[in-house]
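This is the structure I have questions about; it appears just below.
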Amino acid sequence: MSGLIIPNAKQQYLDGNGNPLAGGFVYYYIPSTTTFKNTYQNAALTILNTNPIVLDSAGECIAYGSGSYRQIVTDVNGNLIWDQPTYAFPNDTSNITYTAPYTNAVSEILTSKLAESVSVNDFGAKGDGSTDDTTSIQNALNSGVKQVVFVPGQTYLINGGLTCSTAGLNIIATGATIKLKNSASSLSMLTLSGANSTVNGGTWDGNKANGNSTGDVYNSFNIRIAADYCTVKNITSINTWGMSIKGFGNFMSALNNNIKNTGVYGIFFDGSSSVSHYGNRAIGNTIDMSNGIISGGQNQGQGILFTAGTGQYQIDWELSDNNITGPQTTVNDQAINLAVRGKNGIVSNNLTRYGAMGFSEGGEYTVIDGNRFLNLVGVRYGIEPSGGNLVISNNIVVDADYGMICSNNYNFDNLMITGNNFSVTTNAIKLQISTGYTGQNVVISGNYLKSYFGVYTQGDIKNLTISSNIFIGPAADFSSGRGVYLDTPTANPYVFITSNTFANWQRPYSIYSASATTFNYLFATNNNLSLAGNNNNSSVWNAEGSAIIGTTVISGNNVNPAALGLQLNIIDQATNLNTQYGTGSPNGSITGGIGSVYINKSGGAGTTLYVKESGANTNTGWVGK
């Protein structure tokens, strides 16, 4: 211990007339008592003063001490000059209080106030980019203080494996860099195991180019959350072999982080096989997975994954306002930009580019709204949801094979698909219902659907409403296009197709079955149809395979044939029964089943109406009436 000179020591003590208090006395006591307390003649506090101290001829003395004192000064005759009940040395804060400048603030001891926050440099960290600061930083994290600060502008080199179990800890690293040393002994930079903890800011550098790119990617992370109610925000995470932010818990948050050059996952929140997890969210993050790990020739970089064990879910989760760049080379279906194995979630206002899929799974009662999934490569699904009771609205999918696809072993009941823009190659919307599962009460309304297939359904579809959509077909490839294609639905599917606009389609409505099944309750009303091409296979409603259309209502449609000779198949079953229009005789040019009708728009007695009376599915046998 060392002391400081007591204020007014080696100063002139004056009497009431302003003269030096020569021969006067200075007494030192424990505060508020008459018990003497020692003072010293040196800073080492080894040479005692007398008590009282006798002032010299100039009224001066030297006194060092520690802590607080009561000081009494008298003249040479013992007359009191002053009595100061309590006085602390300038560096003694044990009795100094601090009051925050806010209404109703409560005073506290200054030493306690200063101990509320510590710098890692207080524990010996250098932050010079070359010294191993692991031990110093770990000691700061072990201090129990609620706020640990890294100094802005400094670079802290660590050997990995930092941990902290302090609940409510706030780690502030804004402006600082924390970097794994070359060939670090652990590729886990920091683990939070105390609830309600936060990491705020800083550049966290996994340094994977220098010996830190081997081993299990799941044990390689920049920050790991291992407790509930923890947050990682405003960090920059770079050069990580495995994942930037990893978590296992409830109500975890990843907010406004900037992640790039990471290996497998930007943000990975794991799940349990025994319990579900609640309330996790990733909001406002920017993630670049273009340099993800190549495994088996496929880039597996995935932006955000919230997963769960078998039979469990992520529940009440949210992915919003994230900006993700996926792998830009050919990828397999692991390179998903956003994915959640859960239910009761929100996916909103995200922008993703490249990668195999924009968003996958989600689960029941999920809202997927206002997202943009662009420039997909490889598997190329914009949205691949899982489960029923979904709202899929106002999303944009461009440069993909599928706008959205419902597949695998789920019931896809009670879907609301509205306001989306799917400009894709193969299927704008595909409802592929697996055997033993259902897709009932689905509404597809108000969408812009540009693809080879506008709406493609397969399996147990019932009570399907398709209304007020704009369908843009493949005008250059007449044989491939189907506006609405029902592939082997159950009998009596109840399909309502109304108030849509179909442009550039050879077959706006089509139904297929490999067996001679009669399908009833198909309604196509009040649609605008602009059919593509001068092709005998063009039809308003087409039956394919051995499908037979039974009770069907086709009414109020506005049909605009693109050219003369266009066939309008109101009923086109396996026999190719149809009604056709054109000019001139159909013999030798128009194919149809026996019983088909042809109207010659040129007119003329006996040549205006023709009926196909022989030669099934040939272009002969037409008889003028």
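Please specify each residue of segment 488-513 satisfying the condition of being polar (S, T, N, Q) and in a loop (DSSP other than H, G, I, E, B).
Of everything in segment 488-513, those that are polar (S, T, N, Q) and in a loop (DSSP other than H, G, I, E, B) turn out to be Thr488, Thr490, Asn492, Ser499, Asn500, Gln506.
Still on this model: Would you point out which residue out of Asp413, Asp401 is of a type in the set (D, E, K, R) and farther than 21 Å from Ile461 by Cα? Break it down stepwise before answering.
Numbers: Asp413 fails: farther than 21 Å from Ile461 by Cα.
None of the other options fit; the residue is Asp401.
Here is a further query. Of (1) in a loop (DSSP other than H, G, I, E, B); (2) in contact with an Asp or Glu (Cβ under 9 Å, 6 or more places away or on another chain), Asp413 satisfies all except one. Which?
So the condition that Asp413 fails would be (2).
For segment 381-388, state whether one or more residues are among the hydroxyl-bearing types (Ser, Thr, Tyr), at pLDDT 95 or above, surrounded by 24 or more Cβ atoms within 10 Å (Cβ to Cβ) and under 22 Å from Met289 (Cβ atoms).
Scanning segment 381-388 turns up no residue that is among the hydroxyl-bearing types (Ser, Thr, Tyr), at pLDDT 95 or above, surrounded by 24 or more Cβ atoms within 10 Å (Cβ to Cβ) and under 22 Å from Met289 (Cβ atoms).
Give just the number: which of (1) over 21 Å from Thr307 (Cα atoms); (2) touching a Leu at 6+ places or on another chain (Cβ under 6 Å) does Thr174 not satisfy?
Single failed check for Thr174: (2).
A further question on this structure: Condition first: within 26 Å of Ala43 (Cβ to Cβ) and without any contact (Cβ under 8 Å) to a residue 12 or more places away in the chain. Now tell me which residues in segment 64-86 satisfy that.
So the first thing to find is which residues in segment 64-86 are within 26 Å of Ala43 (Cβ to Cβ), and the list is 64-73, 82, 84-86.
Matches in segment 64-86: Trp82 only.
Then there is this: Would you confirm whether or not segment 126-133 contains a residue that is closer than 19 Å to Asn222 by Cβ and hydroxyl-bearing (Ser, Thr, Tyr)?
No, segment 126-133 contains no residue that is closer than 19 Å to Asn222 by Cβ and hydroxyl-bearing (Ser, Thr, Tyr).
Right, Asn139: at pLDDT 95 or above, within 30 Å of Leu45 (Cβ to Cβ) and either surrounded by 13 or more Cβ atoms within 10 Å (Cβ to Cβ) or acidic (Asp, Glu) (or both) or not?
On the way: at pLDDT 95 or above: yes; within 30 Å of Leu45 (Cβ to Cβ): yes; either surrounded by 13 or more Cβ atoms within 10 Å (Cβ to Cβ) or acidic (Asp, Glu) (or both): yes.
Yes, satisfied.
Does segment 84-95 include one or more residues that are modelled with pLDDT of 80 or more and either closer than 30 Å to Ala140 by Cα or surrounded by 12 or more Cβ atoms within 10 Å (Cβ to Cβ) (or both)?
Yes: one or more hits.
Applying the selection to segment 316-339, what residues are of a type in the set (D, E, K, R) and farther than 19 Å from Ile368 by Cα?
Selection gives Asp333 alone.
Another one. Asp228 fails exactly one of the following numbered conditions: (1) of a type in the set (D, E, K, R); (2) assigned to a loop (DSSP other than H, G, I, E, B); (3) closer than 18 Å to Thr262 by Cβ. What is the number of that condition?
Condition not satisfied by Asp228: (3).
If you don't mind, there's one more thing I want to ask. In segment 351-380, which residue that is part of a loop (DSSP other than H, G, I, E, B) and touching an Asp or Glu at 6+ places or on another chain (Cβ under 7 Å) is surrounded by the fewest Cβ atoms within 10 Å (Cβ to Cβ)?
The extreme case among them is Asn375.
Residue check: is Val553 at pLDDT below 80 and under 20 Å from Pro508 (Cα atoms)?
no
Additional query: Please go through segment 149-175 and give me each residue that is closer than 22 Å to Ser130 by Cα and either assigned to a loop (DSSP other than H, G, I, E, B) or not assigned by TED's automatic domain parsing to the domain that holds Asn200 (or both), ordered by number.
Once the filter is applied, which keeps residues that are closer than 22 Å to Ser130 by Cα and either assigned to a loop (DSSP other than H, G, I, E, B) or not assigned by TED's automatic domain parsing to the domain that holds Asn200 (or both), segment 149-175 yields Phe150, Val151, Pro152, Gly153, Gln154, Asn159, Gly160, Gly161, Ala173, Thr174, Gly175.
Yes or no: segment 20-29 includes at least one residue that is exposed (fewer than 13 other Cβ atoms within 10 Å of the Cβ) and either modelled with pLDDT under 90 or aliphatic (A, V, I, L, M) (or both). If you could, list the steps in order and put the result at the bottom.
We begin by selecting, within segment 20-29, every residue exposed (fewer than 13 other Cβ atoms within 10 Å of the Cβ); these are none.
For segment 20-29, residues exposed (fewer than 13 other Cβ atoms within 10 Å of the Cβ) and either modelled with pLDDT under 90 or aliphatic (A, V, I, L, M) (or both): absent.
While we're looking at this one, here's another question. Residue check: is Phe422 within 20 Å of Asn492 (Cβ to Cβ) and either in a strand (DSSP E or B) or not aliphatic (A, V, I, L, M) (or both)?
No; evaluated as a whole, the condition is false for this residue.
Another question, if that's okay. Select from segment 425-460 the residues that are among the aromatic types (Phe, Trp, Tyr) and part of a loop (DSSP other than H, G, I, E, B) and write down the one among them that is surrounded by the most Cβ atoms within 10 Å (Cβ to Cβ).
Going residue by residue through segment 425-460, those that are among the aromatic types (Phe, Trp, Tyr) are 437, 448, 452-453, 456.
From the residues that got through so far, the ones that are part of a loop (DSSP other than H, G, I, E, B) too are 437, 452.
Values: Tyr437: 16, Tyr452: 18.
Filtering segment 425-460 for residues that are among the aromatic types (Phe, Trp, Tyr) and part of a loop (DSSP other than H, G, I, E, B), the one surrounded by the most Cβ atoms within 10 Å (Cβ to Cβ) comes out as Tyr452.
For the condition within 22 Å of Gly78 (Cβ to Cβ), touching a Pro at 6+ places or on another chain (Cβ under 7 Å) and in contact (Cβ under 8 Å) with a residue 12 or more places away in the chain, what is the one hit in Phe36, Phe25?
Within the list Phe36, Phe25, the selection yields Phe25.
Residue check: is Ala195 of a type outside the set (Ser, Thr, Tyr), crowded, with 21+ Cβ neighbours inside 10 Å, assigned by TED's automatic domain parsing to the domain that holds Asn239 and farther than 17 Å from Phe268 by Cα? Working first, answer last.
Numbers: of a type outside the set (Ser, Thr, Tyr): yes; crowded, with 21+ Cβ neighbours inside 10 Å: no; assigned by TED's automatic domain parsing to the domain that holds Asn239: yes; farther than 17 Å from Phe268 by Cα: yes.
The answer is no for Ala195.
On to the next question. Which residues, counting only those in segment 176-190, are in a strand (DSSP E or B) and either within 12 Å of Lys146 (Cα to Cα) or touching a Gly at 6+ places or on another chain (Cβ under 8 Å) (or both)?
Residues satisfying the conditions are Thr177, Ile178, Lys179, Leu180, Ser188, Met189.
Please enumerate the residues belonging to segment 426-447 that are farther than 15 Å from Val391 by Cα, in contact with a strand residue (DSSP E or B) (Cβ under 8 Å, 6 or more places away or on another chain) and not hydrophobic (A, V, I, L, M, F, W, C).
Scanning segment 426-447 gives Thr426, Asn427, Lys430, Gln432, Thr438.
OK, next. So is Pro7 assigned to a loop (DSSP other than H, G, I, E, B) and at pLDDT below 85 or not?
Yes; evaluated as a whole, the condition is true for this residue.
Of these, Asn250, Asn207, Asn239, which one is at pLDDT 95 or above, within 21 Å of Lys181 (Cβ to Cβ) and assigned to a loop (DSSP other than H, G, I, E, B)?
Going through Asn250, Asn207, Asn239 in turn, the sole match is Asn207.
The values are calculated or read from the model by the stated rules, or taken from the named source; none is laboratory data. Model, not experiment: these values are computed from the prediction. Here the Cβ is made from the backbone with ideal geometry for all residues, glycine too, and neighbour counts use every protein chain on show.
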